[in-house]
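Participant: Questions regarding the structure given below will be posed in turn.
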Amino acid sequence: MQDIEICYMPAIDMAQAIRTRKLSPVEVINAVLSRIERLNPRINAYCTLLDESARKQAREAEVKVMNGDELGPLHGVPMSIKDLTYTKGVRTTSGSKMYENFIPDHDAIIVERLKAAGAIMIGKTNTPEFGFTGVTDNMLFGPTRNPWNLERHAGGSSGGAAAAVAAGMGPLSQGSDGGGSIRIPSSFCGVFGIKPSFGRVPRGAGSSDWQTLSQYGPITRTVRDAALALEIMAGRDDRDRHSLPDTNLHYLALLNDNLKGLRVAWSPDLGYAAVEPQVLEKTSAAVSVFETLGCTVETATPDITNPGRAFSLIWAVSYAAAYADQLDEWGDQMDPRLVAIIKQGNDRLAIEYAQAMLEREQLYDRLLPFFETYDLLLTPATAVSAFDVRKLELTEIGESKGSSWLDWTPFTYPFNCTGQPAASVPCGWTDDDLPVGLQIVGRRFDDAMVLKVAAAFESASPWSHRRPPLD
């Protein structure tokens, strides 16, 4: 088999080929590492590459196959871990000069679980400093570029993760999402990413500073791969007091194309968002696919106002709590935009924070009756397609003005506030051949439904065969 076909093979197929000895773990790892070595200097998805370690693990995985040992569901499959996530013995910088040489003494829970499933970690993926924004650029490693157009952003904060998957530099990446950080880069890079329900995947020490906003999840090229990865990642762990009890759900077994009777709402703007015309065109067209799948689709918008102010305040205060005392020593070596956010958060009053948290609760209360009427909500994943890598923010969205990343990604952060599961599926390409993502939002804890609907959409409107023009 040609290396390029190995590199674009879904993780499930790859694991099966290894299990049946049609491919060896060594062959797989060598093919993927060769592609990384060739493409990563152009894309900058990986900030730390573990080539020697990965090859050693591949040889050990090969021995287990040949010995007939019991194999995990991801045995021999390459995976990447976001550089915010702790990895034992492997540098974890969080995209910050403050942690340029930091090496954790333990793995995050999610890393433990992926390793136990047989996956081989091949590297750490790039992220903005402490994951603070929707594009991936930092003062240590520079920007991650979009595989579809190297002059465009890959999105953030899991930009390196999404770019790696899109470019065939590994079938499975771990991301984290505190305001859209899985869904934004998945939309920009034309891959699948899901932010599970809050608590579905335990975090524990070495997790995001975004408190109850952030959640770990997978980024893959197919929904089936993400479903398997989420089965492995999910489940109670008392090191995370927010982790949900085990449900023994096998997401893969629940995927089918029977969506008959589902009531689906389509909101093109959530009542407050400006959207780029081509993004609106592609996402609107994609909605009709759900009707062919048996859903009842209505244009309907929840009775909410833009929660951006409350989200921004909680976000800024969280960063201030974590890093305000580091500014005297490290402030001049940090991203100036992040420094400004920390200072803003440090100046907020306790009552302002409490009011923002109250607004967050009110947002959920207002959404609850909407999701009693509808099983799912569809929106654009982002308001724009990938933009110029030299820009750190957008000032125009169609004919409207924007001032921060919250303006061009207005659809993601509300569901970090509510903790609901939400995914981005590729639903088309612009005239400039840039991917567009459709967001699928489910009821609280109904991750299985989001995956099922995403898989049905993928079957009806496939995307994984389409590859960036890199070769």
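Participant: Check region 214-223 and report whether any residue there is within 22 Å of M449 (Cβ to Cβ), among the charged types (D, E, K, R) and under 19 Å from the mean Cα position of the chain (by Cα).
Facilitator: Yes, region 214-223 contains a residue that is within 22 Å of M449 (Cβ to Cβ), among the charged types (D, E, K, R) and under 19 Å from the mean Cα position of the chain (by Cα).
Participant: For the list (1) surrounded by 15 or more Cβ atoms within 10 Å (Cβ to Cβ); (2) farther than 27 Å from D433 by Cβ, I need the number of the one condition that D269 fails.
Facilitator: (2) is the only condition that D269 fails.
Participant: Pick out the one residue from S96, S24 that is at pLDDT 95 or above, buried (at least 22 other Cβ atoms within 10 Å of the Cβ) and over 20 Å from A164 (Cα atoms).
Facilitator: Checking each option against the conditions leaves just S96.
Participant: Let me confirm something: among E291, E352, which residue is surrounded by fewer than 17 Cβ atoms within 10 Å (Cβ to Cβ) and farther than 30 Å from K452 by Cβ?
Facilitator: Just a single option satisfies the conditions, and that option is E352.
Participant: May I pose another question? Do any residues in region 123-148 that are farther than 17 Å from I81 by Cβ have Cβ atoms under 6 Å from those of residues that are in a loop (DSSP other than H, G, I, E, B) and among the hydroxyl-bearing types (S, T, Y), where the two are at least six apart or on different chains, and which pairs are they?
Facilitator: Matching pairs, first to second residue: E129/S96; G134/T409.
Participant: When the residues of region 272-288 are narrowed to those that are under 21 Å from L406 (Cα atoms) and among the polar types (S, T, N, Q), which ends up surrounded by the fewest Cβ atoms within 10 Å (Cβ to Cβ)?
Facilitator: Q278
Participant: Which members of region 91-123 meet the condition of being of a type in the set (K, R) and either in a loop (DSSP other than H, G, I, E, B) or under 26 Å from A316 (Cα atoms) (or both)?
Facilitator: If the condition is that a residue be of a type in the set (K, R) and either in a loop (DSSP other than H, G, I, E, B) or under 26 Å from A316 (Cα atoms) (or both), then R91, K97 are the ones that fit.
Participant: Name the helices (runs of 4 or more DSSP H) wholly inside region 381-470 in which the number of residues that are among the acidic types (D, E) and under 30 Å from A253 (Cβ atoms) is 3 or more.
Facilitator: By residue number, no helices (runs of 4 or more DSSP H) qualify.
Participant: Here is a follow-up. Quick one: which residue in G271, G235 is assigned to a loop (DSSP other than H, G, I, E, B), of a type outside the set (S, T, Y) and either closer than 29 Å to F188 by Cβ or in contact with a strand residue (DSSP E or B) (Cβ under 9 Å, 6 or more places away or on another chain) (or both)? Steps first, answer last, please.
Facilitator: On the way: G235 fails: either closer than 29 Å to F188 by Cβ or in contact with a strand residue (DSSP E or B) (Cβ under 9 Å, 6 or more places away or on another chain) (or both).
None of the other options fit; the residue is G271.
Participant: Still on this structure, please answer the following. Just one of E393, E372, E359 is under 23 Å from the mean Cα position of the chain (by Cα) and surrounded by fewer than 20 Cβ atoms within 10 Å (Cβ to Cβ); which is it? Give the derivation first.
Facilitator: Details: E372 fails: under 23 Å from the mean Cα position of the chain (by Cα); E359 fails: under 23 Å from the mean Cα position of the chain (by Cα).
Of E393, E372, E359, the one residue that is under 23 Å from the mean Cα position of the chain (by Cα) and surrounded by fewer than 20 Cβ atoms within 10 Å (Cβ to Cβ) is E393.
Participant: L244 is checked against (1) farther than 22 Å from P73 by Cβ; (2) out of contact with any helix residue (DSSP H, G or I) (no Cβ under 7 Å at 6 or more places or on another chain) and fails just one. What number does that condition carry?
Facilitator: (1)
Participant: Conditions first: (1) over 28 Å from Q362 (Cα atoms); (2) touching a residue at least 60 places away in the same chain (Cβ under 8 Å); (3) of a type outside the set (S, T, Y). A273 passes all but one, so which condition is the exception?
Facilitator: (1)
Participant: A further question on this structure: Tell me yes or no: at least one residue of region 127-147 is assigned to a strand (DSSP E or B) and over 22 Å from A229 (Cα atoms).
Facilitator: Our first condition is that a residue be assigned to a strand (DSSP E or B); within region 127-147, this holds for 145-146.
Okay, now just the ones that are also over 22 Å from A229 (Cα atoms), so 145-146.
Yes, that holds for at least one residue.
Participant: Among G398, G331, which is the only one that is within 28 Å of Q278 (Cβ to Cβ) and of a type outside the set (D, E)?
Facilitator: Exactly one of G398, G331 is within 28 Å of Q278 (Cβ to Cβ) and of a type outside the set (D, E), namely G398.
Per-residue answers, yes or no, for (1) surrounded by 19 or more Cβ atoms within 10 Å (Cβ to Cβ); (2) in a loop (DSSP other than H, G, I, E, B); (3) touching a residue at least 40 places away in the same chain (Cβ under 8 Å):
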{"position": "R200", "(1), (2), (3)": "yes, yes, yes"}
{"position": "G217", "(1), (2), (3)": "yes, no, yes"}
{"position": "A226", "(1), (2), (3)": "yes, no, yes"}
{"position": "D240", "(1), (2), (3)": "no, yes, yes"}
{"position": "P245", "(1), (2), (3)": "no, yes, no"}
{"position": "L249", "(1), (2), (3)": "no, yes, yes"}
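Participant: What number of residues in region 231-251 are touching an Asp or Glu at 6+ places or on another chain (Cβ under 7 Å), of a type outside the set (F, W, Y) and under 30 Å from W463 (Cα atoms)?
Facilitator: 2
Participant: Looking only at region 296-326, how many residues end up being free of Cβ contacts under 8 Å to residues at least 60 places away in the same chain and either at positive phi or part of a loop (DSSP other than H, G, I, E, B) (or both)?
Facilitator: Selection size over region 296-326: 2.
Participant: Of all residues in region 327-354, count the ones that are over 29 Å from the mean Cα position of the chain (by Cα) and either under 27 Å from G419 (Cα atoms) or not in a helix (DSSP H, G or I) (or both).
Facilitator: Of the residues in that region, 6 qualify.
Participant: What do you reckon, is R152 in a loop (DSSP other than H, G, I, E, B), charged (D, E, K, R) and modelled with pLDDT of 95 or more?
Facilitator: no
Participant: While we're on this one: In this structure, does T212 turn out to be β-branched (V, I, T), surrounded by fewer than 24 Cβ atoms within 10 Å (Cβ to Cβ) and either in contact with a helix residue (DSSP H, G or I) (Cβ under 7 Å, 6 or more places away or on another chain) or more than 24 Å from D257 (Cα to Cα) (or both)?
Facilitator: For T212, the condition - β-branched (V, I, T), surrounded by fewer than 24 Cβ atoms within 10 Å (Cβ to Cβ) and either in contact with a helix residue (DSSP H, G or I) (Cβ under 7 Å, 6 or more places away or on another chain) or more than 24 Å from D257 (Cα to Cα) (or both) - is met.
Participant: Would you check which residues across region 4-18 are charged (D, E, K, R) and either touching an Asp or Glu at 6+ places or on another chain (Cβ under 6 Å) or surrounded by 16 or more Cβ atoms within 10 Å (Cβ to Cβ) (or both) and list them?
Facilitator: If the condition is that a residue be charged (D, E, K, R) and either touching an Asp or Glu at 6+ places or on another chain (Cβ under 6 Å) or surrounded by 16 or more Cβ atoms within 10 Å (Cβ to Cβ) (or both), then D13 is the only one that fits.
Participant: Report, by residue number, each residue of region 51-79 that is part of a loop (DSSP other than H, G, I, E, B) and either free of Cβ contacts under 8 Å to residues at least 12 places away in the same chain or surrounded by fewer than 22 Cβ atoms within 10 Å (Cβ to Cβ) (or both).
Facilitator: Once the filter is applied, which keeps residues that are part of a loop (DSSP other than H, G, I, E, B) and either free of Cβ contacts under 8 Å to residues at least 12 places away in the same chain or surrounded by fewer than 22 Cβ atoms within 10 Å (Cβ to Cβ) (or both), region 51-79 yields N67, G68, D69, E70, L71, G72, P73, H75.
The values are calculated or read from the model by the stated rules, or taken from the named source; none is laboratory data. Since we're looking at a predicted model, the values are computed, not measured. Quick reminder, even Gly has a Cβ in these numbers, built from the backbone with ideal geometry, and neighbours come from all protein chains shown.
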